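Read-outs throughout are calculated quantities, based only on the coordinates presented, and are distinct from any laboratory measurement. Everything numeric here is computed off the predicted structure, so don't read it as measured data. Backbone-built Cβ (ideal geometry, glycine too); neighbour counts: all protein chains shown.
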Amino acid sequence: AQSVSQHNHHVILSEAASLELGCNYSYGGTVNLFWYVQYPGQHLQLLLKYFSGDPLVKGIKGFEAEFIKSKFSFNLRKPSVQWSDTAEYFCAVNLNTGFQKLVFGTGTRLLVSP
Amino acid sequence: DAGVTQSPTHLIKTRGQQVTLRCSPKSGHDTVSWYQQALGQGPQFIFQYYEEEERQRGNFPDRFSGHQFPNYSSELNVNALLLGDSALYLCASSRDRGITNTGELFFGEGSRLTVL
């Protein structure tokens, strides 16, 4: 079965620190990759997505992610985090079967201290 | 432009009871998916509805059933509730594009179900 692994369950950073959240998936075929964010008290919303083309994708709020096919990875990065980035981050994979069925990781809870 | 709306936001049931959760998709969307998010876990796919039919199903028992109405809104029904059904139930909508569908999902804020 397809699975998504997020290695860090809790991350605590100070403002201006750099962020990298790991995501690996297990599936050998073509995939679409997503990072969703859930701010406290809010719904899940899309941060960025990769479908094809340039493996380095840029999302909202200064986030970016790099798809490395050989490593089955899609790590999320941000050069300098802000207190407002405190949230839970979910990596998700959609097998490119034409249907929107996402397999999510367990999430990483990020706390940014001012 | 209304996003995905879900009701109720919170509810408490006892074991053995039945529950119905409701979802209205984002305007212009015709596909509704339901996910279960247990505490400390990522959302898990329950099923997806398109054209009033269940199109895909995740690894959930038959106690979980759903329906989609002509206006694309949807219901999730869970029968014979177990303690382990306590979770946040998320509805997500999208616009189907057939075999080339690669669009994102738009999520509602969820219905938090507690089973006592």
Please list, in order along the range A:32-38, the HN-Hα scalar couplings obtained from phi with the Karplus expression 6.51 cos²θ - 1.76 cosθ + 1.60 (θ = phi - 60°), rounded to whole Hz, x for Gly and Pro.
10, 10, 9, 10, 10, 10, 10
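At a threshold of 8 angstrom on Cα-Cα distance, excluding pairs fewer than six apart, so keeping six or more, what relative contact order does chain B reach in percent? If you can, show how the numbers build up before the last one.
Details: 298 pairs, mean separation 42.0, N = 116.
36 percent.
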Residue by residue through the range B:49-56, what is 3J(HN,Hα) from phi via Karplus (6.51 cos²θ - 1.76 cosθ + 1.60, θ = phi - 60°)? Round to whole Hz and write x for glycine and proline.
10, 8, 6, 6, 10, 6, 9, 9
Could you tell me the number of lysine pairs in chain A with C-alpha atoms less than 22 Å from each other, where the two lysines are 8 or more residues apart or belong to different chains?
12
Where does each of B:15-22, B:76-83, B:52-59 land if you order them by average Cβ count within 10 Å, highest first?
B:76-83, B:15-22, B:52-59
Cα-based convex hull, chain A, per residue volume (Å³, whole number):
99
Amide H partners (placed H, <5 Å) of residue A:48, local residues excluded
A:35
Please list, ordered by chain and number, the residues whose modelled amide H lies under 5 Å from the amide H of residue B:47; skip anything fewer than 5 residues away on the same chain.
B:34, B:58
So how far, in whole Å, is the C-alpha centre of the range B:31-54 from the one of the range A:1-58?
19
Computed on Cα atoms, the radius of gyration and Dmax of the range B:8-116 in angstrom are 13.5, 43
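Based on Cβ point charges of +1 for Lys and Arg and -1 for Asp and Glu, what charge dipole magnitude is obtained for chain B about its Cα centre, in debye rounded to the nearest 20? Walk me through the numbers before you get to the answer.
Details: 10 positive and 12 negative charges, 75 e Å.
For this selection, approximately 360 debye.
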The ³J(HN,Hα) series, computed from each phi in the range A:63-74 with the Karplus coefficients 6.51, -1.76 and 1.60 at θ = phi - 60°, rounded to the nearest Hz and given as x for glycine or proline, is 7, 9, 9, 10, 8, 10, 4, 5, 9, 6, 10, 8
